[in-house]
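Each remark here refers to the structure printed beneath this line.
The values are calculated or read from the model by the stated rules, or taken from the named source; none is laboratory data. Quick caveat, the model's predicted, so the values are computed rather than measured. Quick reminder, even Gly has a Cβ in these numbers, built from the backbone with ideal geometry, and neighbours come from all protein chains shown.
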Amino acid sequence: MKFKPVPPAPETFAFVSRAQAAVPLVPGAEDDCCARLLDRLDLPDRDAARTWLTFLRALELAEETSSGFRRTDTEATVAGCRAALLDRVFAAEAVHDALGGDPLTAAEAFATVRESVPAWERHANPSRWESVWRERVADLLSWLVLLDAAERVDGGDDPAYVRR
């Protein structure tokens, strides 16, 4: 199963460990887990907390059980999260593969994966799907940098990235 929600990448990987620790060990309802994430991570709203909870599932750092959500025993490591991101997050591998020897901006990376955006996404929000997916690709690039799968080679207003 591929997961779609991707929060903006944090400034440091330690935030991922903090996010995982905010998910309870004993399964809890989604609302309870989101409240814990909101409280412990200073997230802006419940939607951001829900996105993080789903993303932690994608990284195999949390799971949904019949009793609710709980954190897994998996240690949050850069290598483990990188592998899970590339394998379990929709479009992460395609964005990573788009990066080659020549640096690409987020807009250029989006152009290479644009055709892989599902038709239902385009039809569900025809006036905004491109801006949503441009932002998603930019977030994926930031995650690839955080997880040592890509490198930011130009730090200007429109940074460029290469694969590591």
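Could we say that ARG50 is outside the structural domain of LEU146 (by TED's automatic domain parsing), under 27 Å from ASP97 (Cβ atoms) and part of a helix (DSSP H, G or I) here?
Answer is no for this residue.
Being farther than 15 Å from GLN20 by Cα, at pLDDT 95 or above, in contact with a Pro (Cβ under 8 Å, 6 or more places away or on another chain) and of a type outside the set (A, V, I, L, M, F, W, C) narrows it down to one of ASP148, ASP87, ASP139, so name that one.
So the residue among ASP148, ASP87, ASP139 that is farther than 15 Å from GLN20 by Cα, at pLDDT 95 or above, in contact with a Pro (Cβ under 8 Å, 6 or more places away or on another chain) and of a type outside the set (A, V, I, L, M, F, W, C) is ASP139.
Does the range 125-134 include one or more residues that are within 17 Å of VAL6 (Cβ to Cβ) and among the polar types (S, T, N, Q)?
Checked against the condition, which is being within 17 Å of VAL6 (Cβ to Cβ) and among the polar types (S, T, N, Q), the range 125-134 yields at least one hit.
Are there any helices (runs of 4 or more DSSP H) wholly within the range 67-162 with 3 or more residues that are within 19 Å of the chain's Cα centre (by Cα) and loosely packed, with under 15 Cβ neighbours inside 10 Å, and if so which? Walk me through how you get there before you give the answer.
Numbers: elements: 78-88, 92-98, 106-113, 119-124, 129-146.
By residue number, 78-88, 129-146.
If you take the residues in the range 112-145 that are without any contact (Cβ under 8 Å) to a residue 40 or more places away in the chain and of a type in the set (Asp, Glu), which one is nearest to ARG82 (Cα to Cα)?
GLU135
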